[in-house]
Structures are given as C-alpha cells and as structure tokens.
C-alpha cells in the first residue's frame, strides 16, 4: 500500500461562469465538488494507475463529512478511479475542513482560485494523528508522501517529525511542501523532496534550478526532484543529476500537474525503479494531466503515448 | 407570528481577500457563513425588531444542515438577534441547498458575488411544502412574505398559488420576487409587492417609477412599494401614492437593504399601521442597513435616529 498524508485537506469546489467580472454578481452555471488537497490528488492518480492507496490527515465538520462521502463514492467498485481503491484513513478533527473555490471563466478558460484557511488543530488532535500515522507505518506501507500546507495549530516542524517517523519505520518518504515546513522537513532527511522552481528558490535563495537543487540536497534531502513547468523536471540524487521533458510543449491546464508528478515519483519509489524511470513516469503523468479535459485528472491514453517518448538526459557525473 | 417563505434558501459564505485579481490564487483571510436567501434575511431583521417569526421553504444536503444549525444557534437565548426567535419550519428536500459566495475585496470594499443554482425540487417535494405551508397559515400567522427566486423544479406559477392560499386563509401577503414568477404572482392579488426599479421596469416595460408602479397595481397588486435605491421608496396603494426618503444620502453597503425594507413593510402590515408609517419604517430600516458595518444587518442606533427623520410625502390624490 502507498500512503499519502494531507494535513490540510480540502473540499474543492469548481464553479463555471460565462465570464468573471470583479464586483459583479454571477450565476454559477455548474458546480462540482471533490476531495482536494495535494495528498488526496496524488492518491487519486495512484489509484488510477492501479496502486492500492490510503489517505490520512485531518477531516472535520460538514465539509469534512462531504469530502469523506465523496471519497467513499469514488472508492466504490466500478468507479472511474480504476482498479485500485483509496482507503480513507483520515483522522477526525473538531474544526471544519477548508473549502477551495476555483472559478473557471468559460470565456478565457482561466481559473481564479480562492482558498479558505484550514481548521485549527489542537495539540491533542495532533497527538492523535501521530499515533494513527505510526500505526499506519507499522502496517504494509511501501512508500509515504507528505503533501501540502499545514493547517493552523500544527507545529511548523510537523513534517520533520513525520519524515523521522517514516525513516524509523524504514518506509521511503517523499515531501512536497514549501516555505518553513519544507526547510524544517529537509533537515530530517527525506528520500525525495519535490519543490517547484519557485519553492526551491524560496528556501535556497538561488533561482538557478540546478544550483538550487544541489543546495536543497545539502540541507538534507537524499534526492531533489524540481518541477520546472513546461521545461519538465530536474532530478538531483546521490548518483547524479538528470533532466527530463516531453518532446514538445503541450497546451492545457497545469492544475494538478505537480501532484501527478508526485504520484509518478512515489509509485517508482514504491516499486524500486531506477531513477530515470521514476523521472520519466513523473514527467509523462504531468503532461497527461496538462492535456486532460478535466482539471487535475490525467488522460490515460496521453500517458501511455507520452511515457516512452519522455527524454531523460544525464546532466553531469555524480 | 410572522412567516417568511424562502423557496431557494442559501448558505451565504463571505470571503475577505486583500485584493481580488481575476485568474490569480488567493488566500481567504476570513470566512463567515450564515443562513441566506431573502426570506431568511427578512426574518433576521424581524427578530431583531422583536417580532416572533417563522421561516419556511426548502433545505437539503450538508449545506442545508449547516444552514439549519446556524439558524438554531442564532435562535438560542441571549443571541444578537434580539428578544424574538426565528422558528425553523423549513421543509427537507433531497437536493443540496445552494451556496452563495460573496468575495469582499478589502482594498476597494466591493463585493463579487457567485450564486450557485438551487437544488432540483421534485413534484412530491413541492406538494409536501404546500401542505406544510397550509398548516402554518392555519395557525397564528399575522402576515406572510414570499421572497426570492424559485429553485429548479418549482412551477413558475408557485407564488400565485402561495398568494391565493394566503388570501384563502385571510393572511396578509407580501411578494418580493422578479421576472415571470412576479408577473404570475401579481395576478393572484397580493397585498403588497416590493420590486426595485429594475424589476418593476422588467415586468411593466416602463422605466418611470410612478407609471410602472401604477401598471403593476393594475395587474393585480393591492399596493406596490418600489425601492429606488438612494432615492428611497415609492408607494402606490388604493388610498393614494407616497414617496419617502431619509433627509440625506448615506454612504455604505446596500447589501440587504431591500430585505430590510420588506421587514419594515411586513411588520407594519402585521400591526395594521397606516401606510405612511409602514413606509417610514421600511425606509429607516433600509438606511440603517446601508450604514451597518456588517453587510445585510441593520444598525439599531441608526434605525432609532432615522425613523423620526424619514420624510414621507403624499404624491397625489387617490
């Protein structure tokens, strides 16, 4: 089983409007709701790829209840998530799970995003989560991903604690966050971190991706996989550095492309694939997500076509 | 007791953001949730004025559950709604109560509004509502207000049916809606309709308020109270016509001013006040709502100051 952690899970709402005009009133033509937060998105991609996955983190209030019921409906046999299930191992919290609202302007196709703050998590709730997380790691977990922002109340060093717990349990661990939680998490020596170029620059102070990735590695990560948008990905490991990209630039919606890349890296980590293969999977899944007609989902035929065409290049000797 | 009907009730969310930029991502600084839809807003004002009030209409899904729990919390003793309670007489519906999202730009103070479509109401649910409505009218109801849009599935002649039921029960009835539901409702001869200038022009085809109000009266309303924004209100009855305004123009947020005007007219109707007094109450409550720091609520000291200062002028002989 692969485990993803989403401490600040969300109920993602998508509103479609003909044209978004600030300070005007709009009739929303179409509303969709789905479980959100990076780790839940990663789990959805993993399930579609056929990996048994469990999600943990916090869920609370009426929005948390809706999130969990949507997760259960997605996991029902014969649903689009493919052959594998997403098991709900979320921990109840007294606060209300946040909503995010994505307003899609049907004229331009662009999305305006409004993200609520997360629920306040008490020290007792955090302890309850840690106990549940340790129990999950004590089971059959092949790899764990720690994803996204921290809700209020969770200690800023939370990811460092979760990385250490995973290492104690000898479970490979990937960290995908930003800012101070990333900085602290790095020091606990995760197997992979997956910042984007901006997040990487934010913690290392350098905008040149290879130099920044090396700096992040020196701060503790065994491997740094930096997503560079349309330029693909850059990977720095103890065995060397690689870059990978699809043969041509793709038009589409980049929402969720980073989460799909995490799913690619994580599944490769769980299967013990060589680094170039992990990277190819991450880049092909990202591209198939950009090309999907549904934001945040990946297009399976595109993935099948892309995977063998991804160009992985060794950048330099180890 | 005063009854308000909100067939398309809503859970109103207010998001505060420093500055709304289309196609960008925003962290919402503050979220508030409250029961919404015109009839629920009217009931809140009536309760603050000390009138026992009941609300009916439809509520369903998790959003309906939140709406009802907020209503119950508001009705708890000692809450801000003042001495009187709002009784929940909403009818359950299988669909999900809609949300509205008001995004307040803290820089400009302006609000961008996103309104979800309402739940689909089945013919059986509409019949269940009609039975509940008749039972309420059979009790101690001094006046009823029919407010807002119709959710999908409810017949376009719904308000005509509800007006006729009220008249059969000898209960004074006010109608506050627009478009075809207003046009149909007018023919059933409500005691008061309260369109704004735009709604009035929409159904009568004339933009001159007095002429349009007379036209609406000829179509069936006993009295037409038209809200004219900062210009106050215009009232046409079988006893004559009046206009009323506060002595000076007020800066502030007009959200909910129309609902407060309905509360003023309705409470005057329930108490059998003379028309000029009803109008003065409506105009003073509207002004106190524009001046309130909280959108959609009225400022009680402003109301107390405004009420004696409202200028009511008789426009012409009956």
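The values are calculated or read from the model by the stated rules, or taken from the named source; none is laboratory data. All figures in this text were calculated on a predicted structure; none of them were measured in a lab. Here the Cβ positions follow ideal geometry from the backbone for every residue, glycine too, while neighbour counts run over all protein chains shown.
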Quiz item: Can you find a residue in segment B:91-108 that is in contact (Cβ under 8 Å) with a residue 40 or more places away in the chain, out of contact with any helix residue (DSSP H, G or I) (no Cβ under 8 Å at 6 or more places or on another chain) and more than 30 Å from residue A:120 (Cβ to Cβ)?
Solution: no
Quiz item: Does segment B:70-82 hold any residues that are over 21 Å from the mean Cα position of the chain (by Cα) and either modelled with pLDDT under 60 or within 11 Å of chain A (Cβ to nearest Cβ) (or both), and which are they?
Solution: B:77, B:78, B:79
Quiz item: What's the number of the condition residue A:314 fails, among (1) assigned to a strand (DSSP E or B); (2) farther than 23 Å from residue A:182 by Cα; (3) free of Cβ contacts under 8 Å to residues at least 60 places away in the same chain?
Solution: (3)
Exercise. Please work out if residue A:286 is closer than 22 Å to residue B:25 by Cβ and in a helix (DSSP H, G or I).
Key: yes
Practice problem: With the condition kept exactly as written, say whether any residue in segment B:258-281 is assigned to a loop (DSSP other than H, G, I, E, B), crowded, with 24+ Cβ neighbours inside 10 Å and in contact (Cβ under 8 Å) with a residue 12 or more places away in the chain. | Solution: no
Exercise. For segment A:45-52, state whether one or more residues are at pLDDT 95 or above and closer than 21 Å to residue A:182 by Cβ.
Key: no
Quiz item: Counting residues that are under 20 Å from residue B:154 (Cβ atoms), which strands (runs of 3 or more DSSP E) fully inside segment B:1-42 reach at least 3?
Solution: B:2-6
Exercise. From the list B:185, B:148, pick out the single residue that is buried (at least 22 other Cβ atoms within 10 Å of the Cβ), at positive phi and within 16 Å of the chain's Cα centre (by Cα).
Key: B:148
Exercise. Could you list all residues from segment A:83-129 that are within 14 Å of another protein chain (Cβ to nearest Cβ), within 21 Å of the chain's Cα centre (by Cα) and under 12 Å from residue A:8 (Cα atoms)?
Key: A:97, A:98, A:99, A:100, A:115, A:116, A:117, A:118, A:119
Practice problem: For residue A:249, state whether it is more than 22 Å from residue A:173 (Cβ to Cβ), touching a helix residue (DSSP H, G or I) at 6+ places or on another chain (Cβ under 9 Å) and free of Cβ contacts under 8 Å to residues at least 40 places away in the same chain. | Solution: yes
Quiz item: residue B:130: modelled with pLDDT of 95 or more, surrounded by fewer than 19 Cβ atoms within 10 Å (Cβ to Cβ), in contact with a helix residue (DSSP H, G or I) (Cβ under 9 Å, 6 or more places away or on another chain) and in a helix (DSSP H, G or I), yes or no?
Solution: yes
Quiz item: In segment B:90-103, which residues are touching a strand residue (DSSP E or B) at 6+ places or on another chain (Cβ under 7 Å) and buried (at least 19 other Cβ atoms within 10 Å of the Cβ)?
Solution: B:90, B:91, B:93, B:97, B:98, B:99, B:101, B:102, B:103
Quiz prompt | The one condition in (1) out of contact with any strand residue (DSSP E or B) (no Cβ under 6 Å at 6 or more places or on another chain); (2) surrounded by 17 or more Cβ atoms within 10 Å (Cβ to Cβ) that residue A:206 fails to fulfil | solution = (2)
Self-check item: Residues of segment B:43-68 classified as closer than 21 Å to residue B:91 by Cα, more than 14 Å from chain A (Cβ to nearest Cβ) and in a loop (DSSP other than H, G, I, E, B), total
Solution: 1
Quiz prompt | Residue check for residue B:224: crowded, with 17+ Cβ neighbours inside 10 Å and closer than 18 Å to residue B:8 by Cβ | solution = no
